[in-house]
Amino acid sequence: MKKALLIMIGLLVASSSTLATTIYRTVDAQGNVIFTDNPDGGGEPVELTPLTVVPSRGLTGSAEPPRVEGVAPRVSESPGQPFMPYDVFRIVSPAHGAELAASHVGNVQVELAIEPELRPDHRARLLVDGRVSQTAMHTTAFMLTDLDRGQYVIQAELLDAGGVIRHRTQPVTLHVQRSPAG
């Protein structure tokens, strides 16, 4: 029994020393910074700060997720928890009725106002003329590219953790005044 314990301790010490590899920083002829674990390149050793490790829920055995100092707990949606609506969900840019000159080349950044802040398990997506333009993402900004001359109606939808549409913005009409060449 003692022999097995000594072997296990020896393996742990050996594995922990291999995990503590020194990292070296070098700069090549083009000025690119390269980080490597190979000391032969003549780089200078880099002192790395230890990573903060938070044990997973399954390893701690507790029903509560671990609390990290200074980080708000993640609110996840469960079947017993009601959906909490957002006070603000609208398109703030471009403004309704905006006219984009030819200099925009058909590229439009769409910005959303969402209050309170978008929950980690919620996503927003953009509709152009009633059709989904982009995949739902955890973001408040989208980029529409290469729009032809004409009128477009854009809207945003907010989806919950299950992919159910919970909010839809008021439609925003946009006019692109773009030359056919570009």
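So the values come out like this:
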| read-out | value |
| --- | --- |
| Matching residues in the stretch 122-134 - criterion: being within 16 Å of Y86 (Cα to Cα), open to solvent by less than 80 Å² (accessible area, probe 1.4 Å) and in contact with a Ser or Thr (Cβ under 9 Å, 6 or more places away or on another chain) | A124, R125 |
| Tally, over the stretch 79-103, of residues that are open to solvent by less than 80 Å² (accessible area, probe 1.4 Å) and modelled with pLDDT of 85 or more | 8 |
| Residue that is most open to solvent (accessible area, probe 1.4 Å), among those in the stretch 135-162 that are in a loop (DSSP other than H, G, I, E, B) and over 17 Å from F89 (Cβ atoms) | R149 |
| Answer from R119, R168 - the residue that is within 16 Å of P85 (Cα to Cα), basic (K, R) and either surrounded by fewer than 13 Cβ atoms within 10 Å (Cβ to Cβ) or free of Cβ contacts under 8 Å to residues at least 24 places away in the same chain (or both) | R168 |
| Flag for Q109 being under 21 Å from H175 (Cα atoms) and modelled with pLDDT of 90 or more | no |
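The values are calculated or read from the model by the stated rules, or taken from the named source; none is laboratory data. All values derive from a computational prediction rather than experimental measurement. Heads up, the Cβs are rebuilt from the backbone with ideal geometry, glycines too, and the neighbour counts pull from every protein chain shown. What goes into the accessible areas is simple: the full protein's heavy atoms, side chains included, and nothing from ligands, DNA or RNA. Shrake-Rupley method; radii C 1.70, N 1.55, O 1.52, S 1.80 Å.
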